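Worksheet: the structure to be examined is printed underneath.
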Amino acid sequence: MSTADAVGAVLWVGATLYAVFAGADFGAGFWSFFAGRGERAERARDQVDHSIGPVWEANHVWLIFILVVLWTAFSEAFAAVFSTLFIPLSLAALGIVLRGTGFAFHRLAPSDRERRWYQALFGAASILTPFFMGTVIGAIASGRVPLGNAEGDAVSSWLNGVSLLTGALFVATGVYLAAVFLVSDSRRAGDEDLVQYFTARAMGAAVVAGAIAVAGIFVYHAEARYIYDGLVDEGLPIVIFSAICGAGALFLLWRGASRGVRELAVGAVVAVVWAWGVAQYPYLLPESLTVNEGAADHETLVETLIVFGAAVLLVIPSLVLLYVLTQRDIVAEEHEPIAGRE
Amino acid sequence: MPDAGSIANLLPDLLADSSQLLPARSQMAFTLGFHIILACFGVGFPAMMLIANYIGLRKQDSVALELAQRWSKVAAVLFAVGAVTGTVISFEFGLLWPEFTDRFGEVFGILFTIEGIFFFLEAIFLTIYIYGWKRMSGWAHFWSGVPVAICGIGGAFSVVAVNSWMNQPGGFTLGSDGKVTDVDPIDVMFNGAVSYEVPHMILAAYLAVSFMVASVYAVGMLRGRRDRHHRLGLLIPLTVGCILAPIQFFVGDTAAREIAKDQPIKFAAMECVEKTHRDVTEYIGGICTDDGVKGAIPIPGLDSFLVGFSTDTKVIGLESVPPDERPPANTLLHLSFDYMVGIGSALIALGAWFGFVWWRKRDIPQTKWFLRAVAVSGVATILAVEAGWIVTEVGRQPWIVYEIMRTEDAVTGANGIWVTFVIALALYAALGAAAIFVLRTMARRWREGEAQSVPYGPLDDEPASTPGGSE
């Protein structure tokens, strides 16, 4: 394994953590958006707030991490992706701004009407942001990003079957993970009604996400052959592992099990990310730029690994501390009085 | 041989190319100018809230604790907005300047990966601090906030070091093909401009936050709210600001001298120096024209003196380089620089006034004029930060990497930047208005004495784990 491969792996670890944790935060926005009206819906939204409030910003930082590692270690690929895919990436950035501010402001809104408005903004942006990010992944996977400054087609590069499907898949996996996490959080909060509420939704989302993944096999077969070949060859064990985890999680959800669902659901999603990585290897941009060709100066790569080592030593324990404090409600959202709801 | 048809096609292409530069620069300037305000709060505000928290714990002062708690809630809102506007900046490295990042990402990128760690830790510990008021013990909670202030400074170092590097690029070798080799991360990190630009910006962030926070309480006092809450809310940030203002003046003065040496053309534009000569007049204010500065207050010889402590010092003029290597908008640069120096001086004067009265009476000056001065100092300081970024960024033009890469060669080939720029304008205008509105709503609720939970309260007085507790 070359130094460039090691940095590529670091990038993939970041992408995995983003897909799981930020993906679930996006999915929580989806459930907030589609909860509807009524007492139960408000309770579901409160649970969403309570679950993601303390963690979403830290989870969001993985995106920054991916971007900076990408432009430090693989700047040629970064430039090619960001110039050709200017439109979906601008839309993703727009979504990030609307989502973050919508969430930050909604708890502090002066009236119920404004709170709902910010909440809707947060929810809608939570769906659009991962969708556009997914179209970017699809564009890369299907080899539609040529090297150079905006050399690819500005529109068809990301408005195609693979991109749309990958966008839908990123949304769906997040929605699924969010529902699974919300089942656990509701159970911890002692709200049996919400446990059932989110269990039903988690099962529905599992089926939809699975269906999109299966549809993906055909779409990738038609439009992203290199990745498809990798998925059914060296990536196959991971694909099967993902399917087993997904099926297992669905079974446990159906049984109403209180343990193991989260782990299996996360396993299913992590396996999808790594199956894609294995299928795409050794390419950074399939069939035009390999990891080694696109890598930075050796010294820069070594520094990147050192910084990642520091991140593992400093950030991971801090994140664990945050999650533990959150799960034990030592770090917990205070219920600020909201006008009109008291 | 190109035929007539391909030449006809070439022309619109060229126009399309060069037309991206202006919107790209506008969007970058606008989004960075917006983000820098929030970034200042990210860097400087945690220290302010920790000082209040420390006083509160040390002296069992419930007013100080209440201030710290409220400030942490404001910090939470500003940090959330800053996190997303900062993300926009990182997208723009690719969206607007892909050629820059493509060529030099491997050089300056390492600083951003370090910044990523600081940002991560800042986000994590700020969350613990903000959400930890009720259920953590006092000192444990205080210490959970300390990494936030440290990481704010560390993050500012990493990011501003990148800007310093753009001003004084080093730590790499350019091959004959223009490719970067032999990257030395330490030399990149401690490039020629770091030693003055980084402390200048960190101090600027602290000053901006100090005077912004103080100005809020000064306005409250002018409206007749002279309770201890307002007095302490004014006193803490104002003390910090007044101590740092003279230090900033010294750092800024050093920076200007270094710039005269390292980036003489930027300095010439700041001071409207056309021809290289000695005994250069310092112009305060005015408009820069081809034949001298109009409408300024001239002080003969001072510019030379400021650069080299002697009126005999030679100052390099704009005409020493070809016109296409000079920055645009000299008057803007000149006035921005003068404004920054003017505000720096005014803040020192304000601090002297405050210090003198405090020394004599152990009290905040009671006159309305003092409170009025503090009330405007916040916005004035923020504008000085903006002026400083105009000086460093516009002053470096036409270079994105000083004397190595021109900005026009860095810009994206993608179309539609005008569209994203207009969207960014509208979006950030709405965002700014909403943020101010939300903060004012919070302040109004606090004033109306809305029930607020007591810091470090008993564990069982609120079932925080029950969702829907607000029903």
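Applying the selection to region B:424-442, what residues are more than 7 Å from chain A (Cβ to nearest Cβ), surrounded by 13 or more Cβ atoms within 10 Å (Cβ to Cβ) and free of Cβ contacts under 8 Å to residues at least 24 places away in the same chain? Of everything in region B:424-442, just one residue is more than 7 Å from chain A (Cβ to nearest Cβ), surrounded by 13 or more Cβ atoms within 10 Å (Cβ to Cβ) and free of Cβ contacts under 8 Å to residues at least 24 places away in the same chain, namely B:F437. If the condition is being at pLDDT 90 or above and over 21 Å from A:Q280 (Cα atoms), then region A:228-259 contributes A:I244, A:C245, A:G246, A:A247, A:G248, A:A249, A:L250, A:F251, A:L252, A:L253, A:W254, A:R255.
Among the residues of region B:399-443, those that are outside any loop (DSSP other than H, G, I, E, B), among the hydroxyl-bearing types (S, T, Y) and at pLDDT 90 or above comprise B:T407, B:T420, B:Y428. Of all the residues in region B:56-72, those that are crowded, with 19+ Cβ neighbours inside 10 Å and either of a type in the set (V, I, T) or within 14 Å of chain A (Cβ to nearest Cβ) (or both) number 2.
Applying the condition of being small (G, A, S) and part of a helix (DSSP H, G or I) to region A:36-62 and asking which residue is farthest from the other protein chains (Cβ to nearest Cβ) yields A:A41.
One line per residue, one yes/no per condition, for (1) modelled with pLDDT under 95; (2) of a type in the set (A, V, I, L, M); (3) more than 21 Å from B:F120 (Cβ to Cβ):
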position	(1), (2), (3)
B:H141	yes, no, no
B:G170	yes, no, yes
B:D177	yes, no, yes
B:P185	yes, no, no
B:V194	yes, yes, yes
B:S210	no, no, yes
B:D227	yes, no, yes
B:H230	yes, no, yes
B:L235	yes, yes, yes
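Restricting to region A:225-280, and then to whatever is of a type in the set (K, R) and part of a helix (DSSP H, G or I), can you tell me which residue is surrounded by the fewest Cβ atoms within 10 Å (Cβ to Cβ)? Applying the filter and picking the extreme gives A:R255. Taking the listed residues A:V7, A:V13, the one that is surrounded by fewer than 21 Cβ atoms within 10 Å (Cβ to Cβ), more than 8 Å from chain B (Cβ to nearest Cβ) and within 29 Å of A:N149 (Cα to Cα) is A:V13, with no other qualifying.
Does at least one position in region B:209-218 carry a residue that is more than 20 Å from B:V385 (Cα to Cα) and either touching a residue at least 24 places away in the same chain (Cβ under 8 Å) or touching a Leu at 6+ places or on another chain (Cβ under 9 Å) (or both)? Yes, region B:209-218 contains a residue that is more than 20 Å from B:V385 (Cα to Cα) and either touching a residue at least 24 places away in the same chain (Cβ under 8 Å) or touching a Leu at 6+ places or on another chain (Cβ under 9 Å) (or both).
The requirement of being at pLDDT 90 or above and within 7 Å of chain B (Cβ to nearest Cβ) is not satisfied by A:L319.
The sole residue among A:S142, A:S111, A:S184 that is crowded, with 22+ Cβ neighbours inside 10 Å and either of a type outside the set (D, E, K, R) or within 14 Å of chain B (Cβ to nearest Cβ) (or both) is A:S142.
The condition (being at negative phi and either in contact with a Lys or Arg (Cβ under 7 Å, 6 or more places away or on another chain) or more than 14 Å from chain A (Cβ to nearest Cβ) (or both)) is satisfied by just one residue among B:R406, B:R362: B:R406. Among the residues of region A:47-57, is there at least one that is touching a strand residue (DSSP E or B) at 6+ places or on another chain (Cβ under 7 Å) and either more than 24 Å from B:R103 (Cβ to Cβ) or buried (at least 24 other Cβ atoms within 10 Å of the Cβ) (or both)? No; the residues of region A:47-57 include none that is touching a strand residue (DSSP E or B) at 6+ places or on another chain (Cβ under 7 Å) and either more than 24 Å from B:R103 (Cβ to Cβ) or buried (at least 24 other Cβ atoms within 10 Å of the Cβ) (or both).
Let's see how each residue does on (1) in contact (Cβ under 8 Å) with a residue 40 or more places away in the chain; (2) more than 25 Å from the chain's Cα centre (by Cα):
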residue	(1), (2)
B:P300	no, yes
B:F305	no, yes
B:D312	no, yes
B:V315	yes, yes
B:P322	no, yes
B:P327	yes, no
B:N330	yes, no
B:S336	yes, no
B:Y339	yes, no
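The values are calculated or read from the model by the stated rules, or taken from the named source; none is laboratory data. Because the structure is predicted, anything quoted here is derived from the model rather than measured. Using ideal geometry, Cβ is built from the backbone for each residue, glycine included, and neighbour counts are taken over all protein chains shown.
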